[in-house]
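J.: Please find one structure pasted underneath; my questions will follow.
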Amino acid sequence: MADPNSTKAHFSMAMPPPNETGSLHVGHALFLTLQDILARHEHQKGKDVLWLPGTDHAALATNAIIEKRLTEQGTDKHAVGREEFIRLVKEFVGNSRESINSQIRAMGASCDWSRTRYTLDEALNRCVNEVFVKMYNDGLIYRGHRIVNWDPKLGTTVSDDEVIYKEQKAPFYTLQYGPFKIGTARPETKFGDKYIVMHPDDKRYKHYKHGDTFEADWINGQVTATVIKDEAVDPSFGTGVMTITPWHDRTDFEIAERHGLEKEQIIGFDGRLLPIAHEFAGQTIEAARPKIIAKLKAKGLLIKEAEYTHNVALNDRGKGVIEPQIKLQWFVDVNRPAVEWKGQLRSLREVMHAVIEDGDIKIMPKRFEKVYYHWIDNLRDWCISRQIWWGHQVPVWYKQLQQPMMGFDQTVMNQMFKGKTKTYRQKDYGYKVGDKILVENSQTGVIFGEITLKAVQKTTVGKVNLADKAHYVTYKNQAELIAALKKYHPERKMDADYPIWVYEYDFEPKEVEPEIYVGVTPPQGRGWEQDPDTLDTWFSSALWTWSTLVDQDLAKDYSLSLEDLLAKSVDYRTYHPTDVMETGWDILFFWVARMILATTYITGEVPFKTVYLHGLVRTEEGKKMSKSDLDSIVDPMEIIPEYGTDALRLALVAGTTAGNDQRVGKTKILANRNFCNKLWNIARYIDDLRVRPVDPLRVVPLGREMMPKSVADHWILDKLSIFAQRLDKALAGFRFSEAYELLYHFVWDDLADWYIEASKVQPNPALLRKVLEDTLKLAHPFMPFITETIWQNLGKKSLLAAELAPEIIKADKAQARQFEELKKIITEARQIATNVGVSQPALLYTNSDIIERGKELVKRLGRLGEVEKTETGRGIRLMGTKAAVWLDIDHQKARSYLNKLIDQAKDQEALIKTLENRLANKAYIARAPKKLVEETKTQLKEEESRLETMQAELKTFEKSLR
RNA sequence: GGGCGCUUAGCUCAGUUGGCUAGAGCACCGCGUUUACACCGCGGGUGUCGGGGGUUCGAGUCCCUCAGCGCCCACCA
C-alpha cells in the first residue's frame, strides 16, 4: 500500500480502468503485466509506489445493452423514465466490478486496492462537474448548433474519433439538375437541394455567375436553384458541379455557412425521411432509395447508374451507420486561447502540442509523437454531449421564463409555415382563441417561435395537411386519421382516443433562450430542469490521473473550491503528476490526448511524464483476436489454470516492444511454462543441498559463510551483477522484451547450465543459495507467483514482494575471466568430440595453471576421459584458447574434422584480411576514435597468432593423414 | 488524397547515440537418461539485413529513391 508520508521517493502510475462489465482479456493481461513489472521494479529500487486501480462505467456500451432489452420488451427509455432506467443499469451491472477486479488480482497485479476508484464515484463526478463549469466560464465549453455524427441506431451523437469508415460498393447515380449533371450516391438526401455549387475558376461554367438562379424540374416538382461558387468543389471530380445538403454533410454545411445558405433537415433523428420527402416520408433510407431512383428514372432525370466504392461512416461501437445532422450540442472549443500555460494564454490545441514539443511529456515510441501532432492539427471542436442516460449528466439546468406549451419539430414547422396563418391538428390542450403559445424544438428544447390562436375547434371529419399541399389525407373518423398519421409518423404513439383538434393560428418566429444555470451543484429554486444529456465517457476519463487522487471525504465539502480541494488532497500533492502512463496506442487520441488536454488546463501540470504505448496482442497467425472467432482468442482465464499466470505474463513480455503489435499463442506460453519449471527445478536442487549434500566430505556449511571461493563462484557473481545492471537499464528504458531476455538467459544459461553444473564439482551451497535468492528477487517482477512460492519454500518469513533489490556480492573479475577461459575450453572440447564422434577423449595441456586448478571441472563438464599435463601435445589442438590444449584423438579417426579446420582457417584469414584492410586505410587511422584503432591493432595481433597455430595444426594434421 | 511504420535465419522477432566475424526464441536434425529438470542436457546457422543510389574511415543502423505489406487520419458530391 502506498504511503504518501513516506520519506522515500514516490513513484505513481494510474491503471487504465477496464470497463466494469467487461471480463479480462489478453489486452488487459498485457498492460497489467507491463505495469506490474514497473511497479514491482520501482518498489525494489526503494521507492514508495502507488499503482492506482479502477473501473470505468462504460457509458455507451452499457446504455446500449439496456436500451436493447427495453426494445425487446416493447418499450423504451422514455417510457420507463430516467430513474427506472438507471436502476435497470445498476441492476445489470450488479457486482461485475468485483468480478473484473478479482481477475485483475489473478494476473498478479500489485496495485493499491485500498485506493480503487470508479468513474462514477461521487468525488470523480464532482471533478467532472467542476471541470465542466470552469471550462464553461472560460468559454471553452459552448452550446451550439453544429453538424455532428448522429447514430440513429443508438440514438446519440458520437465524437469524430469514434467514427470508423468501412469501404463499401454502392451505386453512383448521375442526375439531371436543370442544365447540370450531378453525381450522387445518396439520392435520398436530395429533396431539398436548391443550390448548385461549382469552383470559381472552372472555365466550363464561367458563364454562370454566383447568385444566378434557374428553374429545374426536380424529384417533387419545380425548384428554383441558385448558383454558388465555392473553392471546396473539386473541378476534376465528375462534372465539377454538385448540389448540397448542408444538414447532412459537413462539407456542404461549411459551404452553406460561408454563403449564408438555408439548411433543411431531410432525414429525421430516427433515420427516417421527413415530410419534405413527400410520399417517401416516414420510410427508412434503405426502403426509400430504390423508389426514389425509380421516380427519378420515370421523370427522365436519371442519366447514368454506375458502381463505385466509397467509405461509409459507422459508429465504432454498435456499428450503426452515422448520419451527419445539425444538432444543438455541447462542445469543447479547442481553439480559444483561454488556457494559462507557462505564462502564456494558449488554446487547448496549442497546449497539447507544447507539452510534447517542450519535452514535458515523452511518448514512447517517439514516432507516435508525429501521429499525435497530426491528430492535433486536424482536431475540431469536441462534441461532448451524448443522448444516453448512463453516465455523468451535463451539469447544466434550464428554466423557461414561460413554459412552452407545444412541442414541434422545428423543421416540420419551418416547412409548414410558408404563410403565416395555418391550421394544425393537435391534442386538446385546453387552449382558447387569443392564447399565445411558445413553440419549442422538440429535439433541442429551444424556443423558436410563438403562435397566436385565431380559432380552435374539435372536428371529426376533414383533411390532414401533411407537410405540403400535395399530401392531404382525407378522413371520415378518428381511426382513419390515426392510421394516416401513423403512416407518416410511425414513431408516434397514438391510441384510439387521439383527439382531433384543429387550431388556426398566426406564427411569429421568436428566439427565446431559456435561463441557464451551469454549476457543480443543482440550482436553488423551482422550475429548473437538468440537461438530459450525459457527457462523453472520455470527458471523465480525461481527468483520471488526478480525479482519482482527490481526497474522497474532502470532496463532499462543496464549500471548498476545486483548487482548495486539490491543494488539501495529500495523495494528489504527493503522486501527481504521475510518472508513467502505460496504455495501448489505439487509445492515444481517445484517452492520452484528452488527459493532457484536461489536466494541463485544470491543474497547470502534465498528467504524466512518460507515455509508454504498447501494441495489440494478435493471434499466432497475426490476426486480430475477435469475439466472433472464439478459437482465435487467448483467454487469460483459461490460460492461468492450465499454464500458470507467470507463464502467461512471460509470454506477453517476451517480444513486446513499444508501439508494435505482437503475436501470442500456445507455443509461446508453453515455452514460458517450461522456463517457470526450469526455475522451479533450479530452486529445488539448491534447496535439496541443505538436506542432501552433493559430497558429504566437501560440503560447505550453510550459514553466514557465503563468500565466493572457486572461479565459478566469482564468475556467476560477475554475471549476476552484470545481469542486474542491464536489467535495471532495460526497464528504465521500458525495453521489456530485452529485460525478459536478460532474465531468461541468466537463469537458463548462466545459472542452470554453467554455474549449477560447475557447482557439482566444487559446491558452495551458501553461495548457491545467495545467488538463488538474488535471482528470485530479480525475477520477481516478471514472475511473481512462482518466485514467491519458492521464497516461502526456502523457509523465509517475509514476503518476497516486500524485498528490495538484491545486494550482490562483489566478484573478482580476474577469477571470473579464468572461469570464462575454462568455459571456452570445455565448449570447444565438446564441439570437437561431438563432431568427430568420439566420446570421453582425454584432454592434454602443457602448461596452464588455470586448467591445473580446474581439472575436475573441465573433466566433468567437458565429458572428458582424463585431463593430463604433458610435455608435448598430441591429437587435435583447441583453437579457442591461448593455452596449449589438445584432445587426445587420433587424426586418422578424426578425418572428418580436417574439413572443419580448413574452413576455420579460411574464416580466420578472411577476418585478418578485414582487419588489415581497416588498418591500411589511412582515413580510418586518422578519423576513427584512437581507442578503436588500438583495439583493432591488438586484435589483429591476436588473430594472427591464432592463425599461425591453426596453420601449424593443419600441417600436422595433414601430415599424419598421409 | 495526407501521414506513420514494417521488410533481418524455415517461422516469430531483437538489434539503444553508426564501430569487433549480425543475434535470440520456436521449429528442425544428430547424439545422450551423468543423483534439479525429457516441461531436460550437449552439439548443429552459407542470412544478397527487400532492390538501387548516396553520406561516412566504417551503414542492418543515417539520407534519397523504388517495390511489396500493414496501420492511422481525412474524405470526394
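The values are calculated or read from the model by the stated rules, or taken from the named source; none is laboratory data. These numbers were taken from a predicted model, which means no experiment stands behind them. Note that each Cβ is placed from the backbone with ideal geometry, even for glycine, and that neighbours are counted across all protein chains shown. For accessibility, only protein heavy atoms count, side chains too; no ligands or nucleic acids. Shrake-Rupley method; radii C 1.70, N 1.55, O 1.52, S 1.80 Å.
J.: Hey, with R₀ at 41 Å, roughly what FRET efficiency would A:H207 and A:L453 work out to, going by the Cβ-Cβ distance, to 0.05?
T.: On the way: r = 51 Å, r/R0 = 1.25.
The computed FRET efficiency comes out at 0.20.
J.: Counting heavy atoms of the protein chains only and a 1.4 Å probe, report the per residue accessible area for chain A as a whole number of Å². Write down the numbers at each step before the final one.
T.: Numbers: 44870 Å² over 962 residues.
Using a 1.4 Å probe on heavy atoms only, each residue of chain A averages 47 Å².
J.: Beyond a 29 Å Cα-Cα separation, which of these cross-linked pairs lie in this structure: A:K166/A:K203; A:K47/A:K797; A:K291/A:K319; A:K194/A:K327; A:K824/A:K931?
T.: Working: A:K166/A:K203 35 Å; A:K47/A:K797 22 Å; A:K291/A:K319 26 Å; A:K194/A:K327 22 Å; A:K824/A:K931 26 Å.
As for pairs spanning more than 29 Å Cα to Cα, those are A:K166/A:K203.
J.: What angle, in degrees between 0 and 90 and rounded to the nearest 10, separates the Cα long axis of helix A:26-44 from the longest principal axis of the Cα atoms of chain A?
T.: On a 0 to 90 degree scale, this one is about 50.
J.: Starting from the Kirkwood radius over alpha-carbon pairs of the range A:346-388, derive D by Stokes-Einstein at 37 °C in a medium of 0.692 mPa s and give it in µm² s⁻¹. Can you show the working numbers first?
T.: On the way: Rh = 11.7 Å.
Roughly 282 µm²/s, to the nearest whole number.
J.: In the neighborhood of A:D360, defined by Cβ-to-Cβ distances under 11 Å, what is the net charge if each Lys or Arg adds +1 and each Asp or Glu adds -1? Could the numbers behind the result be given before it?
T.: Details: positive: A:K342, A:K362, A:K609; negative: A:E357, A:D358, A:E605.
For residues surrounding A:D360, the net value is 0.
J.: Let me check something: with ligands and nucleic acids excluded, how do A:T534, A:T174 order by accessible area (1.4 Å probe), largest to smallest? Don't skip to the answer; put the middle values down first.
T.: Working: A:T534 0, A:T174 25 Å².
Result, largest first: A:T174, A:T534.
J.: What is the angle, in °, between the Cα long axis of helix A:666-691 and the longest principal axis of the Cα atoms in chain A? Nearest 10 is fine, range 0 to 90.
T.: Long axis of A:666-691 versus the principal axis of chain A: about 40 degrees.
J.: What residues have an amide H closer than 5 Å to that of A:W218, excluding those fewer than 5 places away on the same chain, when H is modeled at 1.01 Å from N in the peptide plane?
T.: Close amide H contacts, sequence-distant or interchain: A:V223.
J.: Could you put A:K777, A:K624 in order of accessible surface area, largest first, with the 1.4 Å probe and the full protein assembly present? Walk me through the intermediate numbers first.
T.: On the way: A:K777 25, A:K624 130 Å².
Ranking A:K777, A:K624 by accessible area, largest first, yields A:K624, A:K777.
J.: Right, another one. Please name which of A:Q265, A:T239, A:I219 has its Cα lying farthest along the dipole of the range A:202-275 towards the positive end, using unit charges on Cβ (Lys, Arg +1; Asp, Glu -1) and the Cα centre as origin.
T.: Looking along the dipole axis, the top candidate is A:T239.
J.: I would also like to ask the following. Using the Karplus curve 6.51 cos²θ - 1.76 cosθ + 1.60 with θ = phi - 60°, work out ³J(HN,Hα) for each residue of the range A:219-233 in order, rounded to whole Hz, and write x for Gly and Pro.
T.: Once θ is set to phi - 60°, the couplings for the range A:219-233 become 3, 10, x, 5, 10, 9, 9, 10, 7, 10, 9, 8, 6, 5, 7 Hz.
J.: Looking at the range A:505-604, which GluC sites (Glu not before Pro) are in a loop (DSSP not H, G, I, E or B) and have at most 15 other Cβ atoms within 10 Å? Walk me through the numbers on the way to the answer.
T.: Details: sites: A:E511, A:E515, A:E529, A:E563, A:E582; in loops: none.
Those that pass, being in a loop and sparsely packed, number zero.
J.: What whole number of Å gives the distance from the Cα centroid of the range A:509-565 to the Cα centroid of the range A:592-663?
T.: 33 Å
J.: With a cut-off of 18 Å, note down the residues of the range A:162-203 whose backbone N falls inside the zone around a label point 7 Å from the Cα of A:R380 toward its beta carbon.
T.: A:162-166
J.: Could you state the angle between the C-alpha long axis of helix A:895-920 and the longest principal axis of the C-alpha atoms of chain A, as a value from 0 to 90 degrees rounded to the nearest 10?
T.: Helix A:895-920 and the main axis of chain A meet at about 70 degrees.
J.: Which entries of A:K770/A:K855; A:K770/A:K823; A:K370/A:K729; A:K190/A:K510; A:K90/A:K399; A:K68/A:K90 show an alpha-carbon separation above 19 angstrom in the structure shown?
T.: Values: A:K770/A:K855 26 Å; A:K770/A:K823 23 Å; A:K370/A:K729 26 Å; A:K190/A:K510 29 Å; A:K90/A:K399 30 Å; A:K68/A:K90 15 Å.
Too far apart for the 19 Å limit: A:K770/A:K855; A:K770/A:K823; A:K370/A:K729; A:K190/A:K510; A:K90/A:K399.
J.: Place +1 on the Cβ of every Lys and Arg and -1 on the Cβ of every Asp and Glu in chain A, take the dipole about the Cα centre, and give the residue among A:A9, A:G584, A:W680 whose Cα lies farthest towards its positive end.
T.: A:W680
J.: Near the amide H of A:F172, under 5 Å away, which other amide H atoms are found, from residues 5 or more places off or on another chain, if H is placed in the peptide plane?
T.: Amide H neighbours of A:F172: A:A306, A:E307, A:Y308.
J.: Tell me, what HN-Hα J-couplings in whole Hz come from the Karplus equation 6.51 cos²θ - 1.76 cosθ + 1.60 at θ = phi - 60° for each residue of the range A:545-562, using x for Gly and Pro?
T.: Rounded to whole hertz, the list is 5, 10, 5, 7, 9, 5, 5, 5, 7, 4, 5, 7, 8, 7, 6, 7, 7, 4.
J.: Amide H of A:G391 versus every other amide H placed in the peptide plane: which residues, excluding those fewer than 5 positions away on the same chain, fall under 5 Å?
T.: The list, which skips near neighbours in sequence, is empty: none.
J.: Note down, for the range A:514-672, the three equivalent ellipsoid semi-axes (square root of 5 times each alpha carbon gyration tensor eigenvalue), biggest first, whole angstrom.
T.: Details: eigenvalues 347, 81, 46 Å².
Ellipsoid semi-axes (Å, largest first): 42, 20, 15.
J.: Calculate how large, on average over all directions, the projected area of the Cα convex hull of chain A is; give the answer in nm² to one decimal. Provide the component values of the computation, followed by the final result.
T.: Working: hull surface 220.6 nm².
Its average projected convex-hull area is 55.2 nm².
J.: To the nearest 20 debye, what charge dipole does chain A have about its Cα centre, counting +1 at the Cβ of each Lys and Arg and -1 at the Cβ of each Asp and Glu? Write out the running numbers ahead of the final one.
T.: Working: 134 positive and 136 negative charges, 398 e Å.
Roughly 1920 debye, rounded to the nearest 20.
J.: Okay, moving on. Roll a 1.4 angstrom probe over the protein heavy atoms and tell me the percent of accessible area of chain A that is carbon or sulfur. Write out the running numbers ahead of the final one.
T.: Values: 22070 of 44870 Å².
Solvent-exposed carbon and sulfur of chain A make up 49 percent of the total.
J.: Separate question: How much accessible surface does A:S721 have with a 1.4 Å probe, in Å² rounded to 10?
T.: 30 Å²
J.: Then there is this: Nearest 5 percent is fine: what portion of the DSSP beta bridges confined to chain A is antiparallel? Could the numbers behind the result be given before it?
T.: Details: 88 of 118 bridges.
Counting only bridges with both partners in chain A, antiparallel ones make up about 75 percent.
J.: State, to one decimal in nm, how far the label point of A:L794 lies from the label point of A:T521, with both points 7 Å from Cα in the Cβ direction.
T.: The two pseudo-label positions are separated by 5.7 nm.
J.: Mean residue ellipticity at 222 nm from the helices of chain A, using -39,500 (n - 2.57) per DSSP H segment of n ≥ 4 over the full residue count, to the nearest 500 deg cm²/dmol?
T.: Working: 30 runs with 371 residues, N = 962.
Computed ellipticity for chain A at 222 nm equals -12000 deg cm²/dmol.
J.: Then there is this: Using protein chains only and a probe of 1.4 angstrom, how many square angstrom of A:H891 are accessible, to the nearest 10?
T.: Around 20 Å² of this residue is reachable by solvent.
J.: Still on this structure, I have one more. Would you please name the trypsin sites (Lys or Arg not before Pro) within the range A:1-76 that are DSSP coil residues with at most 16 other C-beta atoms within 10 Å of their C-beta?
T.: On the way: sites: A:K8, A:R40, A:K45, A:K47, A:K68, A:R69; in loops: A:K8, A:K45, A:K47.
Qualifying residues, ordered by number: A:K8, A:K45.
J.: Per residue of the range A:755-770, in order, report the coupling 6.51 cos²θ - 1.76 cosθ + 1.60 (Karplus, θ = phi - 60°) as ³J(HN,Hα) in whole Hz, putting x for Gly and Pro.
T.: Running phi through 6.51 cos²θ - 1.76 cosθ + 1.60 with θ = phi - 60° gives 5, 5, 4, 5, 5, 6, 8, 9, x, 9, x, 5, 6, 3, 5, 4 Hz.
J.: Something else now. Which of A:G139, A:N129, A:L911 sits closest to the plus end of the dipole of chain A, meaning its Cα is farthest towards the positive end, when Lys and Arg get +1 and Asp and Glu get -1 on the C-beta?
T.: A:L911
J.: Shifting gears a bit: In square angstrom, rounded to the nearest 10, how much accessible surface does A:T846 have for a 1.4 Å probe?
T.: My reading of the accessible area for A:T846 is about 40 Å².
J.: Scan chain A and hand back the longest stretch that contains none of the chymotrypsin sites (Phe, Trp or Tyr not before Pro) lying in DSSP loops with at most 12 other Cβ atoms within 10 Å.
T.: Working: sites that count: A:F237, A:Y558.
For chymotrypsin sites (Phe, Trp or Tyr not before Pro) (loop position, at most 12 other Cβ atoms within 10 Å), the longest site-free span of chain A is A:559-962.
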